[in-house]
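To start, the structure under review is shown below, and the notes come after it.
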Amino acid sequence: MPANYLVPLSQKFGDAVRGEEFRDNLRVIVGSDKVYDVLKALKEQFGFNMLCDLAGIDYLGYPDATDRFGVVYSLTNVSTGERIFVKTFVNDPDPELPTVTDLWRGADWMEREVFDMFGIDFPGHPDLRRILLPTEFTSFPLRKDYPLRGYGERHNFEQMTRAEG
Amino acid sequence: MPVELLDPTTEAGADREFLYTLNFGPQHPATHTTLRLILTLDGETIVKAVPDIGYLHSGFEKLGEDLDFNQYVTIVDRMNYISPVANEIAWHHTVEKLLNIEITPRCKYIRTILAELARISDHLLCVGAAALDLGGLTAFLYAFNEREKIYNIIEQASGQRFHPSYTRVGGLMADVTDDWIKLIRVFLESFPKVHADVVRLLNRNKIFLDRTRGIGVLTKDEAINMSVSGPVARAAGVVRDLRKDEPYLAYGELAGSFKVACSKGGDCLARYLVRMEEMLQSYNIIKAAVENLPSGPVNIAVDEKLGIPDKNATYRSIEGLIQHFEILMWNRRFETPVNEVYGANETANGELGFYLVSDGSAKAWRARTRPPSFIHFAIFPHLMEGHQISDVPAVLGSLNIIAAELDR
């Protein structure tokens, strides 16, 4: 059962890790300073060899939230099919997390997307730049303080004539 | 896109001066959808490929935070528009996991049939379009003709051909009729012949084989390390299929009727062969599911307070009327647990997952999508290195990149 991972993890990292279970998801909540070590241990010692997903969440205004941003790493053990979710929090003014691109190459674009949408920095990432939005874009649209209809980027977008193109 | 990527002189060094840069797309027939590649070429050989995406970005995930769980299904539809029903099923699978809803057996079977039809539809397009790009038009026409029948089946059930928005929290928009079953039986009769035709057209076609064998090779370790899932991973030897590993819907009960198609090749040909085999397995699932389709209600009971009651319940019972009102009024809706959950389905392209964070209202706080196309396109530069420029359509076709899902 996935719950078995919590005991060895807390032996290794002490109080830094905390477990949570909801439906069939086992979540490990860990501080942003230990997250790289926990992910590395999960990959190398516990066989979670695939980074299935990397999601950013903005908790601004969320009930009982104490931190601004959450980042969730969904790990999968391909041979047993087990999943574990590692969740960490980062805060303003400089939200940053160590990159995991050296553990999983698949993290490359996922981290770029989190950077693009939330402005969370990943020091050590080989090519951290915007991926879905244009390079000139200045806001981070999936933050909760960004309005649904934007700040008018769309209709103020600089138009290029055929002659200039 | 930064300017330095467009500048070939930054590739460094006098010995690399013979390299040149080619802009491929965003409007190019071989990319099918709006993708752009910046290729650094040495003659015809690709030294470096840099994808530039985002042309179709429309903020789906932001919209998911503004629409409720039933409304967002119309947006989810438009992600992988080649197999839209599969996206809807994956989305409501996650929502139902959050709300702890056990859907009715009939609903499970209907969703299973639709998901497998969507898989066949997606694979037919992928295989057909891959052949088209490599010069085989006939297979494409055969495949498209068959996809039309799947659209008819989906239209019969939902009234919509392309974006059916057919699932709801706890059930479906409407129950299916006997005519729907008849259409599926007609499809089941014609499909093996079309499949055999495509096999005969492509499997021993020298041009097709030469242009796909050994092209875009992905090894098993790379596939796992680069988060690849679905047919692309299975073609590289990763034995993983959520239908078997985490049985959802009716796949647990129908487990005897299908096998997981895998290959060790990892190249474009292996991906093509895996897709062809998966279509046959999907055919077996549909056949078994239609024969065992349970009767009974298709939506969860009205007193569970979570589903939209059907017309009969709304107009003929006071509980149904109240429930209908509660669900549709903006200031009412239903309560959800303040928690977060990840749910994933095996769609045609791979693992389509949703990380759903709920703040207790009927709207998602965050509806993160794990889009398989996005993750598969990330491996594209790796697959392309050292290949010829004419291999670009072959690899793109075998990965089946759907730009709407890629950019969301």
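The values are calculated or read from the model by the stated rules, or taken from the named source; none is laboratory data. All values reported here derive from a predicted model rather than from experimental measurement. Note: ideal-geometry Cβ built from the backbone for every residue, glycine included; neighbour counts use all protein chains shown.
Summary table below
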| item | result |
| --- | --- |
| Condition met for B:Asn339 (within 14 Å of chain A (Cβ to nearest Cβ), more than 30 Å from B:Val127 (Cβ to Cβ) and of a type outside the set (A, V, I, L, M)) | yes |
| Residue identified as within 10 Å of chain B (Cβ to nearest Cβ) and either modelled with pLDDT of 90 or more or touching a helix residue (DSSP H, G or I) at 6+ places or on another chain (Cβ under 7 Å) (or both) among A:Ala107, A:Ala65 | A:Ala107 |
| Residue in the range B:262-275 that is over 26 Å from B:Glu155 (Cα atoms), acidic (Asp, Glu) and either in contact with a His (Cβ under 9 Å, 6 or more places away or on another chain) or outside the structural domain of B:Gly350 (by TED's automatic domain parsing) (or both) present | no |
| Residue pairs meeting the criteria (Cβ under 7 Å; at least 6 apart or on separate chains; first farther than 19 Å from B:Asn400 by Cα and touching a residue at least 60 places away in the same chain (Cβ under 8 Å), in the range B:272-286; second among the charged types (D, E, K, R) and crowded, with 19+ Cβ neighbours inside 10 Å) | B:Ile285/B:Glu116; B:Ile286/B:Glu116 |
| Filter result (farther than 17 Å from B:Leu63 by Cβ and aromatic (Phe, Trp, Tyr)) within the range A:119-150 | A:Phe122, A:Phe137 |
| Number of positions in the range B:353-368 that are at the interface with another protein chain (Cβ under 7 Å from one of its Cβ atoms) and assigned to a loop (DSSP other than H, G, I, E, B) | 2 |
| Of all residues in the range A:33-74 being under 11 Å from the mean Cα position of the chain (by Cα) and small (Gly, Ala, Ser), the one that is nearest to A:Phe118 (Cα to Cα) | A:Gly56 |
| Selected residue (only one of B:Ala157, B:Ala131, B:Ala118 is farther than 18 Å from B:Val290 by Cα and small (Gly, Ala, Ser)) | B:Ala131 |
| Matching residues in the range A:43-56 - criterion: being assigned to a helix (DSSP H, G or I) and either surrounded by 18 or more Cβ atoms within 10 Å (Cβ to Cβ) or touching a strand residue (DSSP E or B) at 6+ places or on another chain (Cβ under 6 Å) (or both) | A:Lys43 |
| Hey, A:Asn77 polar (S, T, N, Q), under 14 Å from the mean Cα position of the chain (by Cα) and surrounded by fewer than 22 Cβ atoms within 10 Å (Cβ to Cβ) or not | no |
| In the range B:227-242, residue farthest from the other protein chains (Cβ to nearest Cβ) [restricted to those that are in contact with a Ser or Thr (Cβ under 9 Å, 6 or more places away or on another chain) and of a type in the set (Val, Ile, Thr)] | B:Val232 |
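Here's the yes/no breakdown for (1) surrounded by 22 or more Cβ atoms within 10 Å (Cβ to Cβ); (2) closer than 24 Å to B:Ala364 by Cβ:
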{"site": "B:Asp68", "(1), (2)": "no, yes"}
{"site": "B:Val76", "(1), (2)": "yes, yes"}
{"site": "B:Ile103", "(1), (2)": "yes, yes"}
{"site": "B:Ile110", "(1), (2)": "yes, no"}
{"site": "B:Leu117", "(1), (2)": "yes, no"}
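A quick yes/no check of all residues on (1) touching a His at 6+ places or on another chain (Cβ under 6 Å); (2) under 17 Å from A:Phe122 (Cα atoms); (3) more than 14 Å from every other protein chain (Cβ to nearest Cβ); (4) part of a loop (DSSP other than H, G, I, E, B):
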position: A:Lys12; (1), (2), (3), (4): no, no, yes, no
position: A:Glu20; (1), (2), (3), (4): no, no, no, no
position: A:Ala41; (1), (2), (3), (4): no, no, yes, no
position: A:Tyr73; (1), (2), (3), (4): no, yes, no, no
